[in-house]
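Visitor: I have a structure I would like to understand better, so I am pasting it below and will then ask my questions one at a time.
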2 protein chains.
Amino acid sequence: MNSALDDRLPRYQRLRDDLAARINRNEWRPGDLIPSEAELGAHYGVAIGTVRKAIDQLVSDGVLERQQGRGTFVRRARFNSSLFRFFRFQSETGERRVPQSRIVRRKAMPATTAVASALRISVGEPVISLSRLRLIDDVPLLAEEIWLERSRFEAILALDTAEFGDLLYPLYEDRCGQVVVSADEILTVEIATEMQSRLLRLEANAPLIVIERLAFDLERRPIEWRRSRGPADRFRYHAEIR
Amino acid sequence: MNSALDDRLPRYQRLRDDLAARINRNEWRPGDLIPSEAELGAHYGVAIGTVRKAIDQLVSDGVLERQQGRGTFVRRARFNSSLFRFFRFQSETGERRVPQSRIVRRKAMPATTAVASALRISVGEPVISLSRLRLIDDVPLLAEEIWLERSRFEAILALDTAEFGDLLYPLYEDRCGQVVVSADEILTVEIATEMQSRLLRLEANAPLIVIERLAFDLERRPIEWRRSRGPADRFRYHAEIR
DNA sequence: TAGTGGTCTAGACCACCCC
DNA sequence: GGGTGGTCTAGACCACTAA
């Protein structure tokens, strides 16, 4: 479980994992300055080059950010990150607007087979299910279903739905200490059911883009599963490969 | 142009660029063993750590591959690469079949505005345009339009279209010495025109997925632009983000 | 000016591969 | 046993930031 203790691994790996765990448990929060490379080297009893190698990895994971002459910082939630890419929905003009969000439903429930397998927990474990509608200028753009492991996101249940705001990831960070750093997405196209076309104000049988996303924390554990559907004709998705 | 000579850049960068150029000009070909780190260090007059840093970059670019105890090799064309991902078209079962390819049209022409801007050349420069149909079990799956800068791909014009085979990138490599290592893709959905639906044997007005891909060589110069269209209902696209 | 990260060096020891 | 890449060290000098 805790690779920071497994002495078969190289030191820079164990150091990387230990630093990742310290960030994950909020010892340093996004925006914070972490100790200098020299201090970390002294503290862990390793050479500065080894510290650099560990930090290099966390930088390329997008968790830390170096600033020459200033120090190394925990990256803040990144609103320009590709995690937010499908806000490119609609505007091909490049202006990025954050859509309004409306929580339609929130409930605690036991994990179904599909949810359990996505989140890699056991069937029946407690999860939280959210339904959310996202709109631009009051026009519905995206209908989302979201599942979270309850033990990590208990605080979400207590929160007034009006307090949610338009973005979930900052909420996860502030209220639950859960940071999303990467995700896998699968895109497919399907035809809108009658209910969906009513919800999204589309013609019957209009094509929908379906984005399934499994989001991971920096220890590569799945923490959120969501399925989003929106009108295919307003959609544009960009990916860099290899 | 040639950053290997720009002495404002760090040595490992110039070394990386010089090695990349040597691979690009086929001094070493895919599968070849390159000189050891020690030899390269001696040859370039830098420390071995600096060589390692340059090689590290090329490894993470997917250009080189290290094998402990054996040496460092130029990677072969990678058929399991995500560059080949949308062969996932159709089979959700995981079996990856390479579709047959049929070259429908090939011609030399001057670059239009759109093509020139994608390939970052001047309008009117000579390019090669290919139209290709891809099929599985003789069922059309994807209609592709492909543009190549003529000066790099002259050999493509001379080749018998029957000799093309089912994959283009190995052909680029073998016949033209051009290696694709990364790409940008943009996905959109549109409605099939009458001609397209005939070609792909679809109902009129069926939704099509459109994948525009700009492919780069290892010096990050665009070498191929293609636009592929296929039936949206058989499509599945996977992406890892961040 | 003091402190930080960025580059570069030189060398030690290890694990692995192949002869 | 000799050569390769993988890890780790210790220290020099530079560029940049902030006080």
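Visitor: Quick check on B:Leu187: is it of a type outside the set (Asp, Glu) and more than 18 Å from B:Arg132 (Cα to Cα)?
Guide: yes
Visitor: Of all residues in region B:59-72, count the ones that are within 14 Å of chain A (Cβ to nearest Cβ) and either away from DNA strand D (no atom under 12 Å from the Cβ) or among the small types (Gly, Ala, Ser) (or both).
Guide: Total meeting the criteria: 4.
Visitor: Another question, if that's okay. Working only within region B:40-75, note down all residues that are in a strand (DSSP E or B) and among the aromatic types (Phe, Trp, Tyr).
Guide: B:Phe73
Visitor: Just to verify a result, which residue in region B:32-51, among those that are surrounded by 13 or more Cβ atoms within 10 Å (Cβ to Cβ) and within 6 Å of DNA strand D (Cβ to nearest atom), is nearest to B:Leu9 (Cα to Cα)?
Guide: Of everything passing the filter in region B:32-51, B:Glu37 is nearest to B:Leu9 (Cα to Cα).
Visitor: While we're here: Return the residues of region A:174-198 that are within 14 Å of chain B (Cβ to nearest Cβ) and not hydroxyl-bearing (Ser, Thr, Tyr); say none if nothing qualifies.
Guide: Those that are within 14 Å of chain B (Cβ to nearest Cβ) and not hydroxyl-bearing (Ser, Thr, Tyr): A:Val179, A:Val180, A:Val181, A:Ala183, A:Asp184, A:Glu185, A:Ile186, A:Leu187, A:Val189, A:Glu190, A:Ile191, A:Ala192.
Visitor: In region A:132-151, which residue that is within 20 Å of the chain's Cα centre (by Cα) and not in a strand (DSSP E or B) is farthest from A:Ile103 (Cα to Cα)?
Guide: Result: A:Ser151.
Visitor: Please enumerate the residues belonging to region A:224-242 that are more than 10 Å from chain B (Cβ to nearest Cβ) and out of contact with any helix residue (DSSP H, G or I) (no Cβ under 6 Å at 6 or more places or on another chain).
Guide: Of everything in region A:224-242, those that are more than 10 Å from chain B (Cβ to nearest Cβ) and out of contact with any helix residue (DSSP H, G or I) (no Cβ under 6 Å at 6 or more places or on another chain) turn out to be A:Glu224, A:Arg226, A:Arg227, A:Ser228, A:Arg229, A:Gly230.
Visitor: Output yes when any residue across region B:59-75 is under 14 Å from B:Leu218 (Cα atoms) and hydroxyl-bearing (Ser, Thr, Tyr), and no when none is.
Guide: Yes, some residue in region B:59-75 is under 14 Å from B:Leu218 (Cα atoms) and hydroxyl-bearing (Ser, Thr, Tyr).
Visitor: Working only within region A:204-217, note down all residues that are outside any strand (DSSP E or B) and over 10 Å from the mean Cα position of the chain (by Cα).
Guide: A:Ala204, A:Asn205, A:Ala206
Any read-out appearing in this document is the output of simple, stated calculations on the displayed coordinates, not a laboratory observation. Treat the numbers as computed from the prediction; the structure is a model and nothing was measured. FYI the Cβ positions are ideal-geometry reconstructions off the backbone, even for glycines, and counts take in every protein chain you see.
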